[in-house]
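Below: one structure, written as structure tokens.
Coordinate-derived values only; no laboratory data. All values derive from a computational prediction rather than experimental measurement. Cβ placement follows ideal geometry from the backbone for every residue including glycine, while neighbour counts extend to all protein chains displayed.
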Amino acid sequence: MKKARRLAAFALAAIMALTALAACAPPAQSQGGQSQANPGTADGSGGGEKVFRFATITEPTSLDPQLGSGVWITNVTGAIFEGLVRRYNGEIQPALAESWTVSEDGLTYTFRLRDASWSDGAPITAQDFVDSWNLLIQRATPMAQFTDYFTVNGAANATAVDEKTLEVTLNYPVPFMMEIFSISAMGVVRTDKYAEKGDAYYQSVPEAMNGPFLLTQWKPNDVMVLEPNPGYWNASAVNFDRVEIYTVKDDTTQVNMYENGEIDLLNVPKTMFKDFEDKGMQYYNDGSTYFIQFTTDGQTDETAKFLANRDFIEAVSYCIDREDFVNSVYNGSFQPAVEFVPPSATGYNGGAKGDAGVSIVSPFAVKADLAKAKEKLASALATLNVAADAIPTFTLVVSDAADRQTAAQYVQDVCGQAGIPIRIDTIPSATFWSTLREGYRYDFAMAGSGPDVDDASTFLMVYDGKGLYADTFMRWHSDEYAQVLAHSWQAGDAAERTKDLVWMENYLLSNGPVIPLYFTQAGWMLADGFTGISRNMTGADLDYVFGDKG
């Protein structure tokens, strides 16, 4: 989940910079800065294939770009599908749009599309984008939030001027709008295929793709194989002959595969950062925040009454020693947190939150206080007129990932010490979010959020509106919060917008359905000889489409 904006003054500056980028984007042959070396074998010797291999813990249940934005999905969809622009090495570069212009008021974007086709030969037109966005709006998936910037009366405020000219008019200036256009959900999809087959179309190898690679093989719970798309408009910039993505659910097995040379990239397990620091591990800022989320309906009507009581929520929080939590569960790899928006998020007085000197008032504490937890619980029981021996057992939903299981057990143990009984309910990682999205009743869930764009609103906007994250997964909404969020888009200067961002976070911490736990960073290893492979805080987490092997 994610979102963002800045004030109008910064909006115009950012927009003009992005417009300039379109005019000076690198030529096809040098896109991404990769060398056009002679092909080599997968192990780097001359004369053979160039193969890039990595593993993921969770396999996609669907490759529908309008449905999901999880890392395990975008690592595939970012390679086999393409939209107007592509984010590569932290920059917005032309993709299906060969150029674009932005009106002086920052509201109207006009894209000129290049000649491009789907892998089945169907041409891609401006009207295809309009139809794709309208389908996304109609489906009202959580990813539909990205159309809010230009939706009017339930339809995209976009026009196909002609086959190759697309015009989009925003409801207000958005400084990071080109980042939004680069998100996979904002790309073009085959609406005819979806009309024919529905969700099933993306649950196997799609019949039509338009990205740098084609998915040529998908063996469930085993391997996905990608090969270059010969019809891709920038095919000469694609260097790998094959990409192999393995589903390996066990972290230790992935580590062994990397050390044995069976995969070329390793996402270092969170608990093993210290083990790889002297082996050349690279860090990147993934901008994520992790928390315990809870619902307004609860697993039962009885538990729901407790979840609506702030003393009870604070009692749960006081049970958790965040420093001990990150040390015991994640080997000290992360930063304990009692705020929701990470310090790396931008939008505060024109810069990052951590450098802006803003004041966040959190009701939560880094260190545990068992006496305070029991005091808060007693207050909640008195308000709810429930005896201590009649407190219900609460359900903590968690995926089957090993670290999430350990984290859940930690929370279960410390809450039990304060007299709050918790039962752990495990849902397979592959279906965790789809299960919760379908209205599965629970009390608490171990969850996290990463940014879609580099701005504080990427975290804050999702707590407003029907179909967005908080509504879909936690059934939570606040009219007061929504009003301040709306005002933040129209803020006249940086200070005014910063004030709105701070108010929203303070309100969310004191009234919203989250108990923050920690901020993260990510570590990874890359085998020798690979170039042009990047890790991103926003967009596709792993970008290998223009990578190379020397």
| If r is the Cβ-Cβ distance from Asn385 to Lys466 and R0 is 45 Å, what FRET efficiency results, to the nearest 0.05? | 0.85
| note | Over its alpha-carbon atoms, segment 88-157 yields an Rg and a Dmax in Å of 13.9, 40
| remark: Taking a crude spin-label model, label points 7 Å out from Cα along the C-beta direction, the Thr300 to Ser434 distance in nm is 3.0 nm
| said: Can you give me the angle between helix 402-417 and the longest principal axis of the chain, using Cα atoms only, in degrees from 0 to 90, rounded to the nearest 10? | reply: 10 degrees
| Segment Ser362-Thr393, extension gain: residue separation times 0.36 nm, minus the distance between their alpha carbons | 8.5 nm
| query | Label Thr108 and Asn327 with points 7 Å out from Cα along Cα→Cβ: what is the distance between them in nm? | reply | 6.1 nm
| request: Pull up the cross-link candidates among the aspartates and glutamates for Lys372, meaning alpha carbon to alpha carbon under 12 Å and not fewer than 8 places away within one chain. | output: Asp311, Glu314
| What aspartates and glutamates could a cross-link reach from Lys549, if we take a straight Cα to Cα line under 19 Å and drop same-chain neighbours fewer than 8 places away? | Asp43, Glu49, Glu227, Asp241, Glu244, Glu259, Glu262, Asp264, Asp528
| note | The rounded separation in angstrom of the Cα centers of segment 78-92 and segment 223-283 is 19 Å
| message | For a 26 Å ceiling on Cα separation, which of these pairs sit above it: Lys274/Lys353; Lys50/Lys193; Lys249/Lys305; Lys197/Lys219? | response | Lys274/Lys353; Lys50/Lys193; Lys249/Lys305
| task | Give the dimensionless ratio obtained when the Cα radius of gyration of the chain is divided by 2.2 N^0.38 Å. | result | 0.98
| message | Translational diffusion coefficient of segment 63-219 at 20 °C, 1.002 mPa s, Stokes-Einstein with Kirkwood Rh over Cα pairs, in µm²/s as a whole number. | response | 136 µm²/s
| How would you classify segment 167-313 from its alpha-carbon gyration tensor, with a ≥ b ≥ c the square roots of the eigenvalues: rounded for a/c under 1.5, else prolate if a/b is greater than b/c, otherwise oblate? | oblate
| note | Taking a ≥ b ≥ c as the square roots of the eigenvalues of the Cα gyration tensor, with a/c under 1.5 meaning rounded and otherwise prolate when a/b exceeds b/c and oblate if not, segment 399-550 is oblate
| field | FRET efficiency, 1/(1 + (r/R0)^6) with R0 35 Å, evaluated for Arg139 and Asp275 via beta carbons | value | 0.20
| remark: Longest principal axis of the chain (C-alpha) makes with the long axis of helix 8-23 (C-alpha) an angle, in degrees to the nearest 10, of 30 degrees
| request: Please give the peptides 458-465, 523-530 ranked by average Cβ packing (other Cβ atoms within 10 Å per residue), highest first, as a rough proxy for protection. | output: 458-465, 523-530
| Once the piece of chain linking Asp403 and Asp250 is laid out straight, how much longer is it, given 0.36 nm per residue of separation minus the C-alpha distance between them? | 54.0 nm
| field | Mean projected area in nm² (Cα convex hull; one quarter of hull surface) for segment 251-328 | value | 8.0 nm²
| What shape does segment 373-467 take by its C-alpha gyration tensor, where a ≥ b ≥ c are the square roots of the eigenvalues and a/c under 1.5 counts as rounded, a/b above b/c as prolate, and the rest as oblate? | prolate
